[in-house]
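Taking it in order: structure first as structure tokens, then the write-up.
The values are calculated or read from the model by the stated rules, or taken from the named source; none is laboratory data. The shown structure was predicted, so the numbers you read here are calculated from the model rather than taken from an experiment. Neighbour counts run over all protein chains shown; Cβ positions are idealised from the backbone, glycine included.
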Amino acid sequence: MIIDSHYHYMTAMSEKGAAEMVQLIYHEAKKMGMNPDYETLLKTAAQTWGDPLADRLIDKMDEAGIDVTIAMNVDNSNFPLVTPEKIQRQNRMLGEAVLRHPGRIIGLAGIDPRRPEAAEMARVCFEEYGLRGIKYHPDHGFDPAGPESYKVLEILARHKGVLLTHTGPLMPKGRCKFAEPLMLADIAVDFPEIKVIAAHLGGYINWRPWASLAAFQANMHGDLAVWDTLAYKNYDLFCRQLREVIDLVGPAKILFGSDAPVQTLLYPIKTMLQFIRDLPQKAPASIHFTVEEVNLILGGNAKAIFGLADASS
């Protein structure tokens, strides 16, 4: 079973809305030695990211051979136009997309815990919309283990949900100190029943703090979203760092994630999957990966976290 654990569901997208995210991916492309045309990237994002029924997502999954996608919304209360009503409408639409494509999509609600009504929003997302977890972006300026967050995490724990939270450095306006992996440490103490997925493992430049936490916390996991940037630029270094991560925390902690459709502006998910599939054959001679490790990363670990049955069953 192949599972993409990091996909951004978007009901609509304008050029203005896409501009900030496209700037990030344009920066990534420059680091990889690419020379994309910014205006082309922006136009593509505005025309293709809006996918309220998730039909385009299913087409891309079938094209890449992906069985299940973990799709999420993102909430940010810093923006006055992103009202609780608007984000709940998007969360409801994600729940409807899950029902439209049974067995193919798992939905995570976007909820900013700074909202006074955040805990009630979470309850509705679980009990009425059928979503399975929550996506945090603490780089928007909040402590993921702070008092406001704990009110939401209480609802998450009650419904045996999964927390997927951004970790790792970002360009400004990201408040990166809140996205440090160690900011998640208290969640395992106070909510040991919550399974946490640290998006990006803290980043391929800053993964060691995540590894130091994951090595000691049973429910701490992480996804490899955007690590394909490193694999594209320097595959040997990607192999060395991933091997070290696995040696430190074990292969059962790591999930494949595409960060699509943002990251897929540069190349298709098939390319990202191939970076992982190639590990047993194409890693440097002194670095070894097993097929079993690859299978866990590409789907086995996410399958266990979300309690999924085999695609054929």
Open item on the list: Suppose the filter is crowded, with 24+ Cβ neighbours inside 10 Å and touching a Gly at 6+ places or on another chain (Cβ under 9 Å); does Ala214 pass it?
Closed with: yes
TODO: Test Met10 against the criterion of being crowded, with 20+ Cβ neighbours inside 10 Å and either of a type outside the set (A, V, I, L, M, F, W, C) or in a loop (DSSP other than H, G, I, E, B) (or both), and give yes or no.
DONE: yes
Task: Qualifying residue in region 181-193 (condition: within 17 Å of the chain's Cα centre (by Cα), part of a loop (DSSP other than H, G, I, E, B) and buried (at least 17 other Cβ atoms within 10 Å of the Cβ)) - done: no
Open item on the list: Restricting to region 61-91, and then to whatever is surrounded by 19 or more Cβ atoms within 10 Å (Cβ to Cβ) and over 17 Å from the mean Cα position of the chain (by Cα), can you tell me which residue is nearest to Thr11 (Cα to Cα)?
Closed with: Gln90
- [ ] Search region 199-222 for residues that are under 13 Å from Gly168 (Cα atoms) and pair each with any residue that is of a type in the set (D, E, K, R) and crowded, with 24+ Cβ neighbours inside 10 Å when their beta-carbon atoms are under 8 Å apart and the residues are at least 6 apart or on different chains.
- [x] Ala199/Asp223; His200/Asp223; Leu201/Asp223; Gly222/Lys253
Open item on the list: If Ile58 meets every condition in (1) surrounded by fewer than 16 Cβ atoms within 10 Å (Cβ to Cβ); (2) closer than 19 Å to Leu273 by Cα; (3) without any contact (Cβ under 8 Å) to a residue 60 or more places away in the chain apart from one, which number is that one?
Closed with: (1)
Task: Close pairs from region 36-48: first more than 17 Å from Lys60 (Cβ to Cβ), partner basic (Lys, Arg) and part of a helix (DSSP H, G or I), Cβ under 6 Å, at least 6 apart - done: none
TODO: Answer yes if at least one residue in region 74-88 is under 22 Å from Lys160 (Cβ atoms) and in a helix (DSSP H, G or I), and no otherwise.
DONE: yes
Open item on the list: Can you tell me how many residues within region 164-177 are under 17 Å from Ser149 (Cα atoms) and either crowded, with 21+ Cβ neighbours inside 10 Å or in contact with a strand residue (DSSP E or B) (Cβ under 6 Å, 6 or more places away or on another chain) (or both)?
Closed with: 4
Open item on the list: Show me the helices (runs of 4 or more DSSP H) found entirely inside region 228-313 where at least 2 residues are under 30 Å from Gly130 (Cβ atoms).
Closed with: 269-277, 301-306
- [ ] Find the residue count for region 146-170, including only residues that are among the acidic types (Asp, Glu) and either assigned to a loop (DSSP other than H, G, I, E, B) or touching a Lys or Arg at 6+ places or on another chain (Cβ under 6 Å) (or both).
- [x] 1
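Looking only at region 231-271, which residues are aliphatic (A, V, I, L, M) and either over 29 Å from Ala218 (Cβ atoms) or in contact with a Lys or Arg (Cβ under 9 Å, 6 or more places away or on another chain) (or both)?
Those that are aliphatic (A, V, I, L, M) and either over 29 Å from Ala218 (Cβ atoms) or in contact with a Lys or Arg (Cβ under 9 Å, 6 or more places away or on another chain) (or both): Leu237, Val245, Ile246, Leu248, Ala260, Val262, Leu265, Leu266, Ile269.
Kindly establish whether Gln263 is surrounded by fewer than 19 Cβ atoms within 10 Å (Cβ to Cβ), under 20 Å from Ile2 (Cβ atoms) and among the polar types (S, T, N, Q).
no
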Task: Total residues in region 118-145, condition surrounded by fewer than 16 Cβ atoms within 10 Å (Cβ to Cβ) and in a loop (DSSP other than H, G, I, E, B) - done: 2
Task: Residue satisfying condition, being aliphatic (A, V, I, L, M) and either closer than 20 Å to Arg208 by Cβ or at pLDDT 95 or above (or both), within set Leu242, Leu266 - done: Leu242
Open item on the list: With the structure loaded, tell me whether Lys43 is basic (Lys, Arg), over 16 Å from the mean Cα position of the chain (by Cα) and closer than 29 Å to Gln274 by Cβ or whether it fails that test.
Closed with: yes
TODO: Filter region 287-313 for residues that are exposed (fewer than 12 other Cβ atoms within 10 Å of the Cβ) and modelled with pLDDT of 95 or more and give the result.
DONE: Val291, Glu292, Gly307
Open item on the list: Checking the condition over 20 Å from Ile87 (Cα atoms) and among the small types (Gly, Ala, Ser), which residue from Ala54, Ala29, Ala12, Ala46 passes?
Closed with: Ala29
